[in-house]
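Engineer: Let me begin by handing over the structure; questions about it come next.
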């Protein structure tokens with residue numbers, strides 16, 4: 001690690017396991033896909049699927065309007081991966097991503113129209129695949145965890161000759177795609193019309209083309225045909241044709257008759273029935289009639305039956321039941337009567353099928369619901385789906401069917417009955433009465449809600465209350481928040497509503513808006529510098545800035561932006577790494593490949609204050625007891641920077657005197673039972689002996705514990721019910737947590753999150769003054785809010801510091817030692833920023849924060 005590369009990002013690669021309850025046999029997993037011999041050879045009348053001149057004009061106008069897209073959706077989401085056929089919203093599927101957050105997906109109506117046009121829009125979409133026109137949607141990735149990089153991912157069905165040949169022709173592209181790795185970090189990518197066309201084409205042709213997708217852990221892959229023209233070349237090589245309707249028909253038929261797991265037979269059938277209903281309904285109906293729908297518990301495993309069917313029968317039935325074609329309805333009715341499990345029967349049903357032979361279907365339901373489910377079956381099995389179908393299609397008879405299943409009297413059958421009453425199409429009196437009767441049942445289901453660090457029990461009464469409030473009572477709400485006592489309060493309000501009380505309010509408290517006359521200050525100085533400097537030191541003030549350059553300390557005049565002086569720093573041989581922490585005006589450098597030396601210098605003079613030898617060295621081994629990575633696992637602490645604290649991969653906590661080099665092991669943390677490399681992160685509180693430690697624990701790196709070590713007292717504290725990871729700043733009592741770009745401030749004495757103002761304005765970083773009485777909240781638009789913190793929890797907004805540059809640029813904050821001035825600084829990427837000179841590499845803004853009691857806001 002050279003001096004110009006002091007700040008490094010450790011990327012933690014986690015194994016992403018995808019569990020599928022119904023997989024193909026293991027030997028099927030690794031063979032090449034092939035087309036089934038039963039694949040029919042059918043020509044279509046292409047002319048009816050070509051766009052007329054008027055339609056072409058309308059399609060071009062629609063593509064132009066893709067520039068209006070400003071929210072994520074399937075195929076270009078921030079923190080998830082999934083699929084959807086936009087004209088049928090119920091087709092959405094979640095594959096992977098961060099759970100328990102609102103992904104804010106919104107399908108643009110223009111996108112939906114273009115997907116619905118299918119073969120008519122495909123030629124124009126292929127033409128516009130390289131259109132660099134920006135949309136209003138940006139993919140930003142900031143912070144120390146994870147990364148964002150450009151990929152070259154174009155999904156294929158290599159059972160099709162044309163796609164097999166394209167894979168050979170563009171071998172380099174696909175080789176790079178298959179060789180997983182992290183590319184160069186891309187802080188920001190603006191989605192283009194071409195990127196969105198890539199996603200739309202994928203939805204039409206049944207390929208998982210994702211312009212943006214989630215990659216564990218906290219990473220994002222951008223596949224942009226406007227950034228990488230070869231992606232556009234590959235897509236065009238597959239899908240351009242003088243007869244694009246016939247090409248699309250053939251491709252979807254190939255997918256339907258591909259004998260291999262994961263090649264979208266169900267989604268191909270859905271598209272065939274949507275784009276070519278008359279031509280495909282007979283083929284789909286025959287495919288349904290050929291399905292083996294026997295009970296796997298008596299006739300073999302799910303895998304064996306799926307291998308025989310050549311697809312997942314449940315997913316296939318669920319996909320094609322969206323069709324209203326008579327041939328498909330008849331085939332689905334046949335499937336319903338042949339079904340030997342609740343899964344198959346529920347998947348076969350739609351409104352047309354349910355009406356076609358009501359008595360036979362209800363009798364099938366009775367037979368299946370009368371049998372007790374397996375002991376280990378959860379509340380969301382096939383029987384729950386069957387109950388949902390009974391409530392939807394046969395509301396008058398559904399009470400009897402629910403009663404049959406409830407009579408098995410297990411917790412799981414009760415929970416299935418509760419969840420099956422969600423989203424009723426026609427409410428029945430008994431449904432509301434049944435849910436209301438469970439509001440006093442505090443039986444723990446064994447399931448939990450809440451953040452990982454504070455899981456709370458989900459009870460029978462909670463599940464019943466949530467569905468009752470959402471689907472059966474007007475103007476009510478039930479939220480899984482806080483703890484059981486809070487939930488009991490919500491249930492008490494629901495009971496009052498049920499008794500006829502109309503005075504109850506369920507409205508959530510609306511946070512106050514920022515006042516129109518809220519005091520605002522501009523920067524005293526904004527400097528545009530043509531060199532990279534890092535770190536910026538807190539000894540800076542309104543007159544001059546001190547920063548670290550290469551082999552020197554640099555002092556810059558705030559008025560002119562000119563360099564006042566450059567103080568040379570004599571560096572030893574070997575790579576130097578900056579160690580965080582330490583008192584103001586000092587720098588600490590560690591030389592891991594030169595005897596583990598730790599050198600303390602005076603920033604203003606460059607004078608070496610101490611030069612001690614530590615027992616450590618750099619490396620990335622798994623079993624080296626004196627190896628540190630210097631990626632957050634070492635820091636300086638103490639009122640006078642007395643100690644270097646380090647945590648090695650064996651879980652040992654080390655202390656080294658910065659004055660003498662004296663070393664000892666202070667504590668031994670448990671090593672990971674998983675046998676994985678520990679990834680500790682240490683944060684020192686300024687001018688104190690406290691160090692916050694994350695990333696350790698027996699189950700690391702997945703489940704870790706948060707610790708607080710006080711070196712002066714030689715005391716270790718375990719902090720419960722707070723996030724175990726993601727800490728990026730620590731000031732003694734208050735600490736900043738930043739996970740996936742979402743910042744929160746915590747009081748670690750009370751282990752409570754501090755409520756910050758205007759939460760609808762994202763916070764990207766926070767700084768604090770010396771006594772933690774003032775916080776500086778950096779918003780994603782570059783503005784900084786100054787707030788006072790009373791008693792470590794109550795926050796009072798004081799004023800806003802206006803953004804230093806016109807375009808939003810994320811940066812970092814440094815609180816000056818004088819307690820009155822604040823520095824904002826940001827490295828400017830190659831992307832041009834409005835109002836910033838072209839040669840600028842670093843912008844620094846100096847603010848008077850208004851904390852001088854003699855000044856007014």
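Only the coordinates and a few stated rules stand behind these numbers; no lab work does. All figures in this text were calculated on a predicted structure; none of them were measured in a lab. Here Cβ is always computed from backbone atoms with ideal geometry, including for glycine, and neighbour counts include all displayed protein chains.
Engineer: Would you mind computing, in nm to one decimal, how far apart the modelled labels at residue 552 and residue 32 are, each placed 7 Å from Cα along Cα→Cβ?
Structural biologist: 6.3 nm
Engineer: Can you give the extra length, in nm with one decimal, that the chain gains between residue 92 and residue 750 once fully stretched, where that is 0.36 nm per residue apart less the Cα-Cα distance?
Structural biologist: The span from residue 92 to residue 750 would gain 232.7 nm if fully extended.
Engineer: Over the Cα atoms of region 628-703, what Rg and Dmax result, in angstrom?
Structural biologist: Answer for region 628-703, Rg first and Dmax second: 12.5, 39 Å.
Engineer: By how many degrees, between 0 and 90 and to the nearest 10, does the Cα long axis of helix 411-420 differ from the longest principal axis of the chain?
Structural biologist: 80 degrees
Engineer: For the chain, find the longest principal axis of its Cα atoms and tell me its angle to the long axis of helix 244-256, 0 to 90°, nearest 10.
Structural biologist: The angle comes out near 90 degrees.
Engineer: Turning to a different aspect of this structure: What shape does region 520-848 take by its C-alpha gyration tensor, where a ≥ b ≥ c are the square roots of the eigenvalues and a/c under 1.5 counts as rounded, a/b above b/c as prolate, and the rest as oblate?
Structural biologist: Values: a/c = 1.81, a/b = 1.24, b/c = 1.46.
Oblate, since a/c reaches 1.5 and b/c is not below a/b.
Engineer: Subtract the Cα-Cα distance of residue 604 and residue 279 from 0.36 nm times their separation in residues, and report this length gain in nm to one decimal.
Structural biologist: On the way: separation 325, 0.36 × 325 = 117.00 nm, distance 8.08 nm.
Gain on extension, residue 604 to residue 279, equals 108.9 nm.
Engineer: Another question, then. Fully extended, how many nm does the chain gain between residue 793 and residue 104 (0.36 nm per residue separation, minus their Cα-Cα distance)? Don't jump to the answer; show the numbers that get you there.
Structural biologist: Values: separation 689, 0.36 × 689 = 248.04 nm, distance 2.98 nm.
Extra length available between residue 793 and residue 104 comes to 245.1 nm.
Engineer: On to the next question. Taking the Cα atoms of the chain alone, what are Rg (to one decimal) and Dmax (as a whole number) in Å?
Structural biologist: 31.3, 93
Engineer: Which value in deg cm²/dmol, rounded to the nearest 500, describes the helix-derived mean residue ellipticity at 222 nm for the chain, given -39,500 (n - 2.57) per DSSP H run of n ≥ 4 and division by the residue count?
Structural biologist: It lands at -8000 deg cm²/dmol.
Engineer: Right, something else. How large is the Kirkwood hydrodynamic radius of region 46-240, in angstrom, based on all distinct alpha carbon pairs?
Structural biologist: About 17.0 Å, per the Kirkwood formula over Cα pairs.
Engineer: Grab the beta carbon distance between residue 613 and residue 742, set R0 = 45 Å, and tell me the FRET efficiency rounded to 0.05.
Structural biologist: The calculated FRET efficiency here is 0.60.
Engineer: Now, a different point. Ranked from highest to lowest mean number of other Cβ atoms within 10 Å per residue, what is the order of the peptides 469-476, 202-209, 526-533?
Structural biologist: The packing order, highest mean first, is 202-209, 526-533, 469-476.
Engineer: How big is the shadow of the Cα convex hull of region 312-407, averaged over all directions, in nm²? Walk me through the intermediate numbers first.
Structural biologist: Values: hull surface 23.3 nm².
Here the figure is 5.8 nm², rounded to one decimal.
Engineer: Give me the percent of DSSP beta bridges within the chain that run antiparallel, rounded to the nearest 5. List each step's numbers first, then the result.
Structural biologist: On the way: 116 of 124 bridges.
Antiparallel bridges: around 95 percent, rounded to the nearest 5.
Engineer: Label residue 848 and residue 806 with points 7 Å out from Cα along Cα→Cβ: what is the distance between them in nm?
Structural biologist: According to this spin-label approximation, the distance is 2.7 nm.
Engineer: Which of rounded, prolate, oblate describes region 643-750, given a ≥ b ≥ c as roots of the alpha-carbon gyration tensor eigenvalues and a/c under 1.5 marking rounded, otherwise prolate only if a/b is larger than b/c?
Structural biologist: On the way: a/c = 1.91, a/b = 1.12, b/c = 1.70.
Oblate is the answer for region 643-750, as a/c is 1.5 or above yet b/c matches or exceeds a/b.
Engineer: Here is a follow-up. For region 222-322, what is the convex hull volume of the alpha-carbon atoms per residue, in Å³? Let's see the in-between values first.
Structural biologist: Numbers: hull volume 13.0 nm³, N = 101.
That works out to 128 Å³ per residue.
Engineer: Work out the P(r) tail for region 426-577: percent of alpha carbon pairs separated by more than 28 Å, whole number. Provide the component values of the computation, followed by the final result.
Structural biologist: Working: 6460 of 11476 pairs.
Considering region 426-577, 56 percent of its Cα-Cα pairs are separated by more than 28 Å.
Engineer: Would you please give the FRET efficiency between residue 518 and residue 639, computed as 1/(1 + (r/R0)^6) with r the Cβ-Cβ distance and R0 = 25 Å, to the nearest 0.05? Before the final figure, lay out the partial values.
Structural biologist: Working: r = 37 Å, r/R0 = 1.49.
That pair, residue 518 with residue 639, gives E of 0.10.
Engineer: Using alpha carbons only, how many degrees (0 to 90, rounded to 10) separate the axis of helix 484-498 from the longest principal axis of the chain?
Structural biologist: Compared with the principal axis, the helix lies near 40 degrees.
Engineer: Please report the antiparallel percentage of DSSP beta bridges with both residues in region 534-658, rounded to the nearest 5.
Structural biologist: On the way: 34 of 36 bridges.
Of those bridges, close to 95 percent are antiparallel.
Engineer: Where does each of 37-43, 159-165, 552-558, 120-126 land if you order them by average Cβ count within 10 Å, highest first? Intermediate values should be presented prior to the final figure.
Structural biologist: Working: 37-43: 10.7, 159-165: 16.4, 552-558: 19.1, 120-126: 22.6.
By packing density, highest mean first, the sequence is 120-126, 552-558, 159-165, 37-43.
Engineer: Right, here's the next one. What distance in nm separates the two pseudo spin-label positions at residue 56 and residue 363, each 7 Å out from Cα along the beta-carbon direction?
Structural biologist: So the two model labels end up 5.9 nm from each other.
Engineer: Taking R0 as 22 Å, what's the FRET efficiency between residue 474 and residue 351 from their Cβ-Cβ distance, rounded to 0.05? Mind dumping the intermediate values first?
Structural biologist: Numbers: r = 26 Å, r/R0 = 1.19.
For residue 474 and residue 351, the calculated efficiency is 0.25.
Engineer: Let me ask you something else. Can you give the Kirkwood hydrodynamic radius of region 539-678 from its Cα pairs, in Å with one decimal? Write out the running numbers ahead of the final one.
Structural biologist: Details: mean 1/r = 0.0614 Å⁻¹.
Here the Kirkwood hydrodynamic radius works out to 16.3 Å.
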